[in-house]
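*Asks:* Encoded as structure tokens, here's the structure I'll be asking about.
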Amino acid sequence: MVTNTISVSETPQVLYALRRADDALILGHRLSECCGHAPTLEEDMALANIGLDLIGQARALYALAALREPSLEGGRANTEDTYAYLRDVGQYRNLLLCELPNGDFGRIIMRQFLYSAFIDPYWRAMMKSSDAQLAAIAEKAEKETAYHLRYTSEWVIRLGDGTPKSHDRMQAALEFLWSYTGEMFDTDEAEAMLQAEGMIIDASVIHDGWRTTVQTILDRATLTLPQSAWMQKGGRSGRHSEHLGFLLAEMQQLPRSEPGAVW
Amino acid sequence: MVTPQTDALLRTRVLHALDDVTDPEIPVLTIADLGILRDVRVHNGVVDVTITPTYSGCPAMNMITLDIETALARAGIENFHVNTTLSPAWTTAWLSEAGRQKLLAYGIAPPQEGSGRGSLFGTVEVACPQCGSTDTSRLAEFGSTSCKALWRCNTCREPFDYFRCH
């Protein structure tokens, strides 16, 4: 059993699968941190369940990456587990939005809302992928993310249009998260190749629909869309915030210190 | 010698053995009732069982796989594979009518047809599995497992699980 960091042969297909898998795993892990800490039992279960859906989606995507990655030296192949547990910060390809620390319940909900409003139409569009396996993952994931979007939308409205305190916290959460939303719609040469083959869609086509969904919910929540157009980026190429390292240290501690441990 | 007839007989034995495999979280439902048993094929004496998860992260999948393997081994069937497929994705429409009745008798409101999609805040009418009243309200989107939501009957005041539709 290897315990040191793996190398990954990032062909465009592998890179694409890892990016989507990393988004789901890291955000799913962040939600798992809420387990036992949410304001009420119902919300505790809701956040843990959304996290579970995301980690399930991550597994399907890592399995796909493993299938598509050319064999390493000696015929050794990466697996779901080696991708998750034996890559370092710089090898993670997730959106910065997904790794941001939880903060209060309002920020957790707002982060999930901004992401779900993007990923749900994204997977819906990906159901038409020319790649049968990606289309199958998209079909499965979209049903779950539709539910996440509804759940978080209701909370954004309830808290935004709630007390002055809950309103201010939601507005602060939105201001804090806003500059991390642009990265969702970025594309690069590797993805452009896959787009040309009809395997994936161009995420930027989701932008206007996303903006409309967000605006509609924020209006009902009496929240104001931030004006700043400047957007953070870097996660897709492995340039992360300081927060991801701490997250991985916790998540990877066991497999790295107890090589070969099994359940 | 393996013939199409022996394959057909073996398939019947497999289906019979799988009748004993239930969902670990809803033990009144067999995997066939629930619609997660997608396909059973037998070719030249080799059995291929295909299942599909209800939710991507369903923690019961590993256990269901193990239960299938145990049931087949117990029935004396040795040469088999259990595969998982994601497509076509499971929806609550895959739940059999027998399964819906069993759920109701067990105290879980079965999913309402076609309530999964629709508008962002689509409303759905759910009948109380205890008293049948449709004067019910949702307490939480997520219930005791990832496939259920928590509801309450406004008539008899009993809380109940609703099998989430999607």
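*Asks:* Between the helical axis of A:12-32 and the dominant principal axis of chain A, each derived from Cα atoms, what acute angle in degrees is found, rounded to the nearest 10?
*Replies:* Tilt of helix A:12-32: around 50 degrees.
*Asks:* A follow-up question, please. Using per-residue counts of other Cβ atoms within 10 Å, averaged over each peptide, order A:8-19, A:144-155 from highest down.
*Replies:* A:144-155, A:8-19
*Asks:* Only four residue types carry charge here, +1 at the Cβ of Lys and Arg and -1 at the Cβ of Asp and Glu. Report the dipole size of the protein assembly as shown about the Cα centre in Debye, rounded to the nearest 20.
*Replies:* Details: 37 positive and 54 negative charges, 81 e Å.
Taking the Cα centre of the protein assembly as shown as origin, the dipole is about 380 debye.
*Asks:* Show me B:19-28, A:113-122 ranked by packing, highest mean number of other Cβ atoms within 10 Å first.
*Replies:* Details: B:19-28: 16.5, A:113-122: 24.7.
Ranking the peptides B:19-28, A:113-122 by packing returns A:113-122, B:19-28.
*Asks:* Based on C-alpha coordinates, I'd like the Rg and Dmax of chain B, in Å.
*Replies:* Reported Rg and Dmax, both Å: 18.2, 63.
*Asks:* List the lysines whose Cα lies under 23 Å from the Cα of B:Lys102, skipping any in the same chain that are fewer than 8 positions away.
*Replies:* The reachable lysines, counting only those whose Cα sits under 23 Å from B:Lys102, are B:Lys148.
*Asks:* Same structure again: Could you give the radius of gyration (one decimal) and Dmax (whole number) of the Cα atoms in the range A:12-257, in Å?
*Replies:* In order Rg, Dmax, the Cα atoms of the range A:12-257 give 17.7, 62 Å.
*Asks:* Further question: Please compute, for the alpha-carbon atoms of the range A:1-121, the extent along each of the three principal axes and give them in descending order in Å.
*Replies:* Over the range A:1-121, Cα extents along the principal axes are 51, 32, 22 Å.
*Asks:* List the pair-distance distribution P(r) of the protein assembly as shown, using every Cα-Cα distance, as the percent of pairs falling in each 20 Å bin from 0 up to the bin containing the longest distance, rounded to whole percents.
*Replies:* Spelled out per bin, shortest first, that is 24, 55, 20, 1.
*Asks:* Hey, in the GNM for chain A with a 10 angstrom Cα cutoff, which one of A:Leu61, A:Leu31, A:Leu72 fluctuates hardest?
*Replies:* So, out of A:Leu61, A:Leu31, A:Leu72, the one fluctuating most is A:Leu72.
*Asks:* Please work out the Cα center distance from the range B:1-75 to the range A:63-108, rounded to the nearest Å.
*Replies:* The two parts, judged by their Cα centres, are 32 Å apart.
*Asks:* Give me the percent relative contact order of the range A:24-69, please, defined on Cα pairs under 8 angstrom at least 6 residues apart. Walk me through the numbers before you get to the answer.
*Replies:* Values: 37 pairs, mean separation 20.0, N = 46.
Taking the mean separation of contacting Cα pairs over the length of the range A:24-69, I get 43 percent.
*Asks:* Would you mind giving the average projected area, over all directions, of the Cα convex hull of the range B:1-85 in nm² with one decimal? Mind dumping the intermediate values first?
*Replies:* Details: hull surface 20.6 nm².
So the mean shadow area of the Cα hull is 5.2 nm².
*Asks:* Among B:Ala127, B:Ala32, B:Cys58, pick out the residue whose Cα is farthest towards the positive end of the charge dipole of the protein assembly as shown, where Lys and Arg carry +1 and Asp and Glu carry -1 on C-beta, about the Cα centre.
*Replies:* Result: B:Ala127.
*Asks:* With the dipole of the protein assembly as shown worked out from charges on the C-beta (+1 for Lys and Arg, -1 for Asp and Glu) around the Cα centre, which of A:Ile108, A:Thr11, B:Leu10 lies farthest toward the positive end?
*Replies:* A:Ile108
*Asks:* What does the average come to when, for each residue of peptide B:84-94, you count the partner chain Cβ atoms lying within 10 Å of its Cβ?
*Replies:* On the way: counts 2, 2, 9, 9, 3, 10, 3, 2, 1, 0, 0.
The per-residue average across the peptide is 4.
*Asks:* With axes computed from alpha carbons, what is the tilt in degrees of helix B:4-18 against the longest principal axis of chain B, rounded to the nearest 10 within 0 to 90?
*Replies:* Helix B:4-18 sits roughly 40 degrees off the main axis of chain B.
*Asks:* Sticking with this one: If the limit is 32 Å between Cα atoms, which of A:Lys128/A:Lys165; A:Lys140/A:Lys165; A:Lys143/A:Lys233; A:Lys140/A:Lys233 go over it?
*Replies:* Working: A:Lys128/A:Lys165 44 Å; A:Lys140/A:Lys165 38 Å; A:Lys143/A:Lys233 28 Å; A:Lys140/A:Lys233 28 Å.
Listed pairs above 32 Å: A:Lys128/A:Lys165; A:Lys140/A:Lys165.
*Asks:* I need to check one value: relative contact order of the range A:105-167, counting alpha carbon pairs closer than 8 Å and at least 6 residues apart, in percent.
*Replies:* On the way: 51 pairs, mean separation 24.9, N = 63.
About 40 percent, as a whole number.
*Asks:* Follow-up. Rounded to whole Hz and in sequence order, give me ³J(HN,Hα) for the range A:195-207 from the Karplus expression 6.51 cos²θ - 1.76 cosθ + 1.60, θ = phi - 60°, writing x for Gly and Pro.
*Replies:* Result, rounded to whole Hz: 5, 4, 8, x, 6, 10, 9, 7, 4, 5, 6, 7, 4.
*Asks:* Taking beta carbons within 10 Å but only from partner chains, what does the mean come to for residues A:221-234?
*Replies:* On the way: counts 0, 0, 0, 0, 0, 0, 0, 0, 0, 0, 0, 0, 0, 0.
Partner Cβ neighbours, averaged per residue: 0.
*Asks:* Normalised by the residues of chain A, what does the relative contact order come to in percent, with Cα pairs under 8 Å and at least six apart? Please list the in-between numbers first.
*Replies:* Working: 364 pairs, mean separation 66.2, N = 263.
That works out to 25 percent.
Laboratory data are not the source of any read-out in this text; all were calculated from the coordinates shown. This structure is a prediction, so every number in the text was calculated from the model and none was measured. Quick reminder, even Gly has a Cβ in these numbers, built from the backbone with ideal geometry, and neighbours come from all protein chains shown.
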